[in-house]
1. Using per-residue counts of other Cβ atoms within 10 Å, averaged over each peptide, order 76-83, 97-104 from highest down.
2. Treating cross-link reach as a plain straight distance, find the aspartates and glutamates whose alpha-carbon is under 17 Å from the alpha-carbon of Lys217, omitting any fewer than eight places away in the same chain.
3. Among Glu226, Glu144, Glu203, Glu89, rank each residue by its count of other Cβ atoms within 10 Å, from fewest to most, as a rough exposure measure.
4. Where a Cα-Cα gap under 12 Å defines reach, which aspartates and glutamates qualify for Lys156, not counting those fewer than 8 residues away within the same chain?
5. On a 26 Å Cα-Cα criterion, which of the cross-link pairs Lys2/Lys84; Lys51/Lys108; Lys18/Lys185; Lys45/Lys176; Lys50/Lys176; Lys13/Lys84 come out too long?
6. Only Cα pairs under 8 Å and at least 6 apart count here; give the relative contact order of the chain as a rounded whole percent.
7. May I ask you to derive the relative contact order of the range 5-81, considering only C-alpha pairs under 8 Å and at least 6 residues apart, and to give it as an integer percent?
8. By Kyte-Doolittle mean hydropathy of at least -1.0 and Cα axial length of at least 30 Å, which whole DSSP H helices of the chain are selected?
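Every number here is computed from the coordinates shown, using simple stated rules; none is lab data. On a predicted model such as this, the values are computed, not experimentally measured, just so you know. Cβ coordinates were reconstructed from backbone atoms using ideal geometry, including for glycine residues, and neighbour counts include every protein chain displayed.
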Amino acid sequence: MKNLNLLYEGKAKKIYEKAPDEVVIYFKDDVTAFNGEKKDSIIGKGRINKKITTFFFEMLEEKGIPTHMISDIDENSFLAKKVKIIPLEVIVRNYTAGSFCRRYGIEKGIKLEKPIVEYSLKDDDLGDPMICRNVVLSLKLVEEKVLNKIEYYALKINDILSQFLESKNIILVDYKLEFGISNGKVYLADEISPDTCRFWDKETMESLDKDVYREDKGDLIDKYSEFLRRVEI
Ligand code: C5P
């Protein structure tokens with residue numbers, strides 16, 4: 001990685017340029033919460049999140065969701081297609097939790113009648129504000145047909161992952177996706193990991209995700225490793 005050009009460094013990943021249309025996604029051990037107010041480095045976290053992300057991306061690709069992943073590289077990185085990231089966080093919720101409960105004063109853990117798709121504007125300085133579909137379109141952040149495709153993929157991903165995790169006695173509570181565009185085609189980008197999803201044990205409702213860190217309720221590596229064991233990666 002040392003001789004590659006660093007294109008971007010985020011809170012949990014680094015993106016290096018490998019070729020004009022290819023990047024290396026490197027998963028760091030850094031963990032942050034509350035828009036970077038709480039931060040630490042936890043040895044082994046990057047390796048686990050890379051493993052879970054590539055596992056899910058392969059599964060989704062097989063089921064017809066185009067992802068930016070090209071191939072695995074090593075413990076902490078994979079090779080990906082260079083895409084133009086759409087500046088939206090796409091959040092899908094199956095159960096009430098997190099900011100949804102805070103925003104609406106609702107108890108945590110209620111199953112929603114239908115999955116909800118929400119959007120946030122990716123902007124750390126503004127604190128990633130929630131944005132509705134009409135504002136996304138009127139600000140011309142994406143074309144309507146692209147937004148429709150994103151919503152279709154987000155819900156299809158929900159069906160695939162919820163069903164798979166259900167078979168492992170894990171509830172997919174909610175998660176965040178990012179999408180990118182290359183040559184006019186929409187790709188699932190970024191990651192799918194316990195950093196970006198809420199996973200609850202179906203029997204105990206115990207968190208196997210970053211809430212363990214956000215809420216200081218145990219050892220992050222223990223819980224992420226338990227998730228790995230449970231999904232048999
Ligand atoms: O905090 P909130 O309840 O809105 O988060 C919903 C889901 O999106 C959670 O699974 C959380 O981990 C994920 N998320 C994320 N990155 C953000 C905001 C939320 O991965 N910047």
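1. Values: 76-83: 20.1, 97-104: 13.8.
Answer by packing, highest mean first, reads 76-83, 97-104.
2. Leaving aside aspartates and glutamates fewer than 8 places away in the same chain, those within reach of Lys217 are Asp40, Asp195, Asp201, Glu206, Asp209, Glu226.
3. On the way: Glu226 17, Glu144 10, Glu203 7, Glu89 20.
Taking fewest neighbouring Cβ atoms as first place, the list is Glu203, Glu144, Glu226, Glu89.
4. Glu61
5. Lys51/Lys108
6. Details: 413 pairs, mean separation 41.0, N = 233.
Relative CO of the chain lands at 18 percent.
7. Working: 127 pairs, mean separation 20.2, N = 77.
After rounding, I find 26 percent.
8. Numbers: long enough: 144-166 (33 Å, -0.09).
Those that pass (Cα extent of 30 Å or more, hydropathy at least -1.0) are 144-166.
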